[in-house]
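> Handing you a structure now.
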Amino acid sequence: MDATEKTIFELSATGRKGFRFPSSDVPSSDLPESLQRKDLPLPQLSEVDVVRHYTRLSRLNYSLDNGMYPLGSCTMKYNPKICEKAARISAFANLHPLQPIESVQGAVLILYEMQIILQEISGFPACSLTPAAGAQGEFGGVKMIAASLRDRGETQRKIMLIPDSAHGTNPASSVMSGFECLAVRTDERGNIDLNDLTSKCNEQLAGIMITNPNTLGLFDENIVEVIRIVHQAGGLVYGDGANMNALLGIVKPAELGFDVMHFNLHKTFATPHGGGGPGAGAICCTEQLKAYLPGPIADILEEATEEVPPLYGYRMPEKSIGMLRSFWGHFGIIVRAYCYCMMLGAEGLRRVAEYATLNANYLMEALKQDYPLPYDRTCMHEFVLDVKWPDAPGIRALDVAKRLMDYKFHPPTNYFPLIVHEALMIEPTETESKETLDDFIKAMKSIAREARENPELLHQAPTETPFGRMDEVKAARDLKITE
Amino acid sequence: MFIPHTDADRESMLAAIGKKDLNELFDVVPEKYRFPKLNLQPGLTEPEVTFLLDEISTANLSLDHTACFTGAGAYHHYIPAAIDNLISRGDFYTAYTPYQPEISQGTLQAVYEYQSLMARLTGMEAANASHYDGATACAEAGVLAYHQYHGKRKKILVSAGLHPHYLLTLKTYLQDFDGMQIECPKATSLDEISPEKLEEKIDMDTALVLVQYPDFFGQIQDFSELAKAVHEKGALLCVCINPIALGLLKTPGEMGADIVVGEGQPLGIPLSYGGPYLGIFTTRKELIRKVSGRIVGETVDNRGQRAYVLTLTAREQHIRREKATSNICSNQSLNALTAAIYLSLLGRDGLRAVAKLCYDKAHYAAKEISKIHGYRILNQRPFFHEFVVSCPQPPSDINQHLLDHGMIGGYDLSEEYPMLGNAMLIAVTEIINKEDIDDLCEMLKEGEHHGRH
Amino acid sequence: MNIHPNYFYSKNDEWVSVEGNKATIGISDYAQDSLSDIVFVEISVSVGDSLAAEDNIGTIESVKAASDIYTPVAGTVSEINNKVVDSPELLNRDPFGEAWLIKLSSDTGFDTSHLMDADAYRKYCEDRG
């Protein structure tokens, strides 16, 4: 049976009316004809059409409210509904960013308090909530390093070291800030290779971008030494905080020696992914770098007295790298993250890291009997399998991933990190129950059996979903991106 | 708080992995740094956090019952009820990026429809799945222009009519990057912000010319001649638009723009104190491979069904890495969905209607304000729903008076644009009533009579 | 895997075939196979351009990867293969023949001393796996 849904253009009918506005209560004014557009090719639909169309579309989606997403590096944890309600409070949602500051004190307070919370969790003394996403946080952080080196007169430092396990945004952000990227090897234990690192530390070194735990889900056993080596060579250390879920209450990255770090509110702090966005990022940093933070930053402009509460407002850090986007940041997302943090408190945050790590290790222990595990040591919140079966050579990570959908699971991250060729990166998060994990283990074991007994099931998968494998070549060759 | 494990679960799982307690999972962390104390308040239950947030929210003045005459890049429009109803569906907002198209057709088709709507709205041929906001969309246009000329053209020429935050963002992205220079010719009056003044400065080193339509001060200008001048010198023209205005106005596509960017917040997205918003990005089809960000394309699946999929992914950072044209990873998917639903609900006639209401109400307000002694409208050219008012006193004093009476005045331009004097930028949308405008005028007269210092 | 016996090869998997003062450049079978289904070809140089060895001449994009292409030898661009730009799938079908990318001319001939011959290239590919 055909699962396709018509487009809004196909559903449109001339003369159909949807939303109505009240008639004008003011006289009509003329717009010069030369400035008017001639036609407006938008569809015409009734409200029923629109509601049914989007409702039917939503049913074609898998979602977190539906089932687990064991997606490594994404931290797809449950999105609390109270956070959705919080963001919709009218006095948060219906506020203009440029209202007089005295009429938005509650909003600026939330921004300020969220900065404090992130500073406390990370151990850094300063924070900016202006980045619109993790990648923007990265770009901002790397630019801060560039600005700091420029001020120190050290513009010969052009090389940014990037572990070969890193996410693609790391080198992309570095290049955008004017650096050249040089890869640093990961050794057989999943740590940064200290010899390789040392050989690449010289006077051209600007710094290193480290994800810890890394994209293999492993906490670097030599992290303090790695950071010391880079600092000694005069470089700065950037922390990609995408994997912060494993570190909440377990270690403060600033104490390990990181200089600047970004966080993803839509990962660690449970804000919804929305089908691909919006997310929100944050940048935290040391005393030495805080003048470079992107702004404006929320701050207390006048301290509280006995009679009045503090006056909240904004300031631009003295040597700020500038604005990353308009206005103050993704306030709507930050409200959700703030609500989440307030509900968890110190104890709750630590439990997140504990149970995220427990869940990952539980899965790893169960699955390593059936799937090759390239790095066999206690993992943090995620781990990587390598789908390389000598007795089922035709089966690749992609086939396992697609077959999982027939078992009603979203596949794990695949083909990342690049250093594991048939990688399946699995991160269950702390909000998945033992029952769900056991079901996942059963499914994965079953697929491992099918790979030997009936590989066609994997090659043809998914067959139980509304849609099957896509012709991606056709999509790129016969490019059609608008109707 | 959202962790489902029972004590029995935990114990059985620890046994399965051979650890005696949870702490043992973190032996790899150097002892010196392990388990720091987090100095945070104890966690709250749902009723407690609800109370806390309600309390905090009382320190904010929502626009529910307050007329707001500030625009300047974010606009208070009516949001149809069906929108929140639909985007609150868990299958939309708790879904991940559609990397597995077989189980993500909801998101993929909705974004494809959004792309199509943006292309039609702006009169262009291609669209991406969105950038973060209008400011970053401008920055990405600059990045595109940089790559289009392989870094050989170093100049980006920007109109003084561009939103100041957008100019700052563009500078953060590109100023001094590989020698790029962002030039923004100063204007001492609204009149001086013109395509002709920009034309004079275009040369063979110009990669991109960036203008806003309507501009930050509300002015509408035709850029067709500018487009010709830009193309004569082999450069690209980017027009930054307001999507509601395009319900009425001639499209940048018709004028000859190469790239169109803009802020999509007016399309059903709550003001939300400044974000998250929606960066519209459309182009001529020849430029599509230089466009950053996600793009959804049509295809078929292995059962012959029409379907949608993320395409041209080889351009993106997760594949090209340091050779990617930009580092952008996400799009504003849920906001793109919101915009698509808004335009679907309003349709052709509804968008025209809301644009005309904004236009008419703004012109009524301008007429009435100009009748007040001491107030003068500075806009000589046609404007859409925003205009600049020269005031007899500092705008901050006037706005204080307005706020005391439960109204939010226009955006104070006097600090950032001192050459305009005591000027205020007033926006009027369809949500403002005639009574609100009449009340505003009453209070402006009042304030003037009281002669505030 | 095909390797044309008379061509020279670069480490970046481009091939060059020399005939007097004309050279033709393309990508090898190994390259098209690694990229898999090719969906787009961009030639960024124009006829008349003077190129040095290892100058970037364009990009080839498939569904899962994108590769920059460089000329292995110096010369002046004399022809561009528009057929392959219009039909990128040609590169998967006939990388050594119909799907050549550009032709160069040079009065002083071409320096192929730094390139691999067919045997050396075969070994290079085998070592990479």
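> How do the helices (runs of 4 or more DSSP H) wholly within the range A:408-479 filter down when requiring 3 or more residues that are within 18 Å of B:MET13 (Cβ to Cβ) and either touching a helix residue (DSSP H, G or I) at 6+ places or on another chain (Cβ under 9 Å) or of a type in the set (S, T, N, Q) (or both): which remain?
A:434-453
> Take the residues of the range A:368-412 that are within 12 Å of chain B (Cβ to nearest Cβ) and among the aliphatic types (A, V, I, L, M): which is nearest to the chain's Cα centre (by Cα)?
For the range A:368-412, the residue satisfying everything is A:MET380.
> Here are B:GLY161, B:GLY142: which of them is within 14 Å of chain A (Cβ to nearest Cβ) and either touching a strand residue (DSSP E or B) at 6+ places or on another chain (Cβ under 8 Å) or within 27 Å of B:GLU415 (Cα to Cα) (or both)?
When all the criteria are applied, what remains is B:GLY142.
> Looking only at the range B:1-38, which residues are of a type outside the set (A, V, I, L, M, F, W, C) and closer than 22 Å to A:PHE124 by Cα?
B:PRO30, B:GLU31, B:LYS32, B:TYR33, B:ARG34, B:PRO36, B:LYS37
> Restricting to the range A:64-73, name every residue that is buried (at least 22 other Cβ atoms within 10 Å of the Cβ) and either out of contact with any helix residue (DSSP H, G or I) (no Cβ under 8 Å at 6 or more places or on another chain) or under 15 Å from B:TYR93 (Cβ atoms) (or both).
A:LEU64, A:TYR69, A:LEU71, A:GLY72
> OK, next. Across the range B:138-175, what is the total count of residues that are more than 17 Å from A:PRO294 (Cα to Cα) and either touching a Leu at 6+ places or on another chain (Cβ under 9 Å) or in a loop (DSSP other than H, G, I, E, B) (or both)?
Going through the range B:138-175 one residue at a time, the tally reaches 23.
> Within the range B:99-139, track down each residue that is more than 8 Å from every other protein chain (Cβ to nearest Cβ) and more than 20 Å from the chain's Cα centre (by Cα).
If the condition is that a residue be more than 8 Å from every other protein chain (Cβ to nearest Cβ) and more than 20 Å from the chain's Cα centre (by Cα), then B:TYR99, B:LEU108 are the ones that fit.
> Do we have B:GLN400 as without any contact (Cβ under 8 Å) to a residue 60 or more places away in the chain, outside any helix (DSSP H, G or I) and more than 23 Å from B:ILE220 (Cβ to Cβ) here?
Against the criterion (without any contact (Cβ under 8 Å) to a residue 60 or more places away in the chain, outside any helix (DSSP H, G or I) and more than 23 Å from B:ILE220 (Cβ to Cβ)), B:GLN400 does not qualify.
> Would you mention how many residues in the range A:331-385 are of a type in the set (Lys, Arg) and part of a helix (DSSP H, G or I)?
Residues meeting the conditions: 3.
> Tally time: how many residues in the range C:32-41 are in a helix (DSSP H, G or I), touching a helix residue (DSSP H, G or I) at 6+ places or on another chain (Cβ under 9 Å) and over 13 Å from C:TRP100 (Cα atoms)?
Of the residues in that region, 2 qualify.
So that you can scan it fast, the table gives a plain yes or no per residue for (1) β-branched (Val, Ile, Thr); (2) surrounded by fewer than 19 Cβ atoms within 10 Å (Cβ to Cβ):
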{"site": "C:THR59", "(1), (2)": "yes, no"}
{"site": "C:VAL73", "(1), (2)": "yes, no"}
{"site": "C:THR76", "(1), (2)": "yes, yes"}
{"site": "C:LYS83", "(1), (2)": "no, yes"}
{"site": "C:GLU89", "(1), (2)": "no, yes"}
{"site": "C:GLY97", "(1), (2)": "no, yes"}
{"site": "C:LEU115", "(1), (2)": "no, no"}
{"site": "C:ALA118", "(1), (2)": "no, yes"}
{"site": "C:LYS123", "(1), (2)": "no, yes"}
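> Quick check on the range B:247-283: of everything there that is under 29 Å from A:ASP478 (Cβ atoms) and out of contact with any strand residue (DSSP E or B) (no Cβ under 6 Å at 6 or more places or on another chain), which residue is nearest to the other protein chains (Cβ to nearest Cβ)?
B:THR251
> Out of the residues in the range A:166-185 that are under 23 Å from the mean Cα position of the chain (by Cα) and part of a strand (DSSP E or B), state the one that is nearest to the other protein chains (Cβ to nearest Cβ).
Here the answer is A:CYS181.
> I've got another one for you. Inside the range A:103-144, can you point out the residues that are surrounded by fewer than 24 Cβ atoms within 10 Å (Cβ to Cβ), more than 16 Å from A:PHE269 (Cα to Cα) and free of Cβ contacts under 8 Å to residues at least 12 places away in the same chain?
The answer is A:SER103, and nothing else.
> Report every pair of residues separated by at least 6 positions or lying on different chains whose Cβ atoms are under 6 Å apart, first residue within the range B:1-24 and closer than 27 Å to A:CYS339 by Cα and in contact (Cβ under 8 Å) with a residue 12 or more places away in the chain, second assigned to a helix (DSSP H, G or I) and among the aliphatic types (A, V, I, L, M).
B:MET1/A:MET343; B:MET1/A:LEU344
> Right, something else. Among the residues of the range B:284-296, is there at least one that is at pLDDT 95 or above, more than 7 Å from chain A (Cβ to nearest Cβ) and not in a helix (DSSP H, G or I)?
Among the residues of the range B:284-296, at least one is at pLDDT 95 or above, more than 7 Å from chain A (Cβ to nearest Cβ) and not in a helix (DSSP H, G or I), which makes the answer yes.
> Considering only residues that are more than 7 Å from chain B (Cβ to nearest Cβ), in a loop (DSSP other than H, G, I, E, B) and not charged (D, E, K, R), which ones fall in the range A:1-26?
A:MET1, A:SER12, A:ALA13, A:THR14, A:GLY15, A:PRO22, A:SER23
> Right, here's the next one. May I ask you to list the residues in the range A:398-428 that are of a type in the set (Gly, Ala, Ser), modelled with pLDDT of 95 or more and farther than 18 Å from A:ASP439 by Cβ?
none
> Within the range A:285-305, take every residue that is away from chain B (no Cβ under 14 Å) and within 24 Å of the chain's Cα centre (by Cα) and give me the one that is nearest to A:LYS77 (Cα to Cα).
Checking each candidate, the answer is A:CYS285.
> Sort out which residues of the range B:327-386 are under 28 Å from B:TYR114 (Cβ atoms), among the small types (Gly, Ala, Ser) and part of a helix (DSSP H, G or I), and write them in order of number.
Those that are under 28 Å from B:TYR114 (Cβ atoms), among the small types (Gly, Ala, Ser) and part of a helix (DSSP H, G or I): B:SER333, B:ALA336, B:ALA339, B:ALA340, B:SER344, B:GLY347, B:GLY350, B:ALA353, B:ALA355, B:ALA362.
> Has the range B:78-88 got any residue that is within 9 Å of chain A (Cβ to nearest Cβ), surrounded by fewer than 24 Cβ atoms within 10 Å (Cβ to Cβ), under 18 Å from the mean Cα position of the chain (by Cα) and of a type outside the set (A, V, I, L, M, F, W, C)?
Looking through the range B:78-88, at least one residue is within 9 Å of chain A (Cβ to nearest Cβ), surrounded by fewer than 24 Cβ atoms within 10 Å (Cβ to Cβ), under 18 Å from the mean Cα position of the chain (by Cα) and of a type outside the set (A, V, I, L, M, F, W, C).
> Failed condition for B:ALA126, given (1) within 30 Å of A:LEU479 (Cα to Cα); (2) in contact (Cβ under 8 Å) with a residue 24 or more places away in the chain; (3) buried (at least 24 other Cβ atoms within 10 Å of the Cβ), with all others met?
With (1) within 30 Å of A:LEU479 (Cα to Cα); (2) in contact (Cβ under 8 Å) with a residue 24 or more places away in the chain; (3) buried (at least 24 other Cβ atoms within 10 Å of the Cβ) applied to B:ALA126, the lone miss is (3).
> Does the range A:46-57 contain any residue that is touching a helix residue (DSSP H, G or I) at 6+ places or on another chain (Cβ under 7 Å), in a loop (DSSP other than H, G, I, E, B), at pLDDT 95 or above and buried (at least 16 other Cβ atoms within 10 Å of the Cβ)?
Within the range A:46-57, not a single residue is touching a helix residue (DSSP H, G or I) at 6+ places or on another chain (Cβ under 7 Å), in a loop (DSSP other than H, G, I, E, B), at pLDDT 95 or above and buried (at least 16 other Cβ atoms within 10 Å of the Cβ).
> Any idea which of (1) in contact (Cβ under 8 Å) with a residue 24 or more places away in the chain; (2) buried (at least 19 other Cβ atoms within 10 Å of the Cβ) is the one A:ASN202 doesn't satisfy?
Among (1) in contact (Cβ under 8 Å) with a residue 24 or more places away in the chain; (2) buried (at least 19 other Cβ atoms within 10 Å of the Cβ), A:ASN202 violates only (2).
> Still on this structure: Would you check if C:ASP29 is more than 25 Å from B:LYS152 (Cα to Cα), acidic (Asp, Glu) and surrounded by fewer than 17 Cβ atoms within 10 Å (Cβ to Cβ)?
Against the criterion (more than 25 Å from B:LYS152 (Cα to Cα), acidic (Asp, Glu) and surrounded by fewer than 17 Cβ atoms within 10 Å (Cβ to Cβ)), C:ASP29 does not qualify.
> Within the set of pairs 6+ apart or on separate chains, which have a first residue in the range A:468-483 that is within 12 Å of chain C (Cβ to nearest Cβ), a second that is surrounded by fewer than 19 Cβ atoms within 10 Å (Cβ to Cβ), and C-beta atoms under 6 Å apart?
A:ASP471/B:VAL300; A:VAL473/C:ASP37
The values are calculated or read from the model by the stated rules, or taken from the named source; none is laboratory data. Note that the structure is a prediction, hence the values are computed from the model and not measured. When we count neighbours, we look across all protein chains shown, and the Cβ atoms used for this are built from the backbone with ideal geometry, even at glycine.
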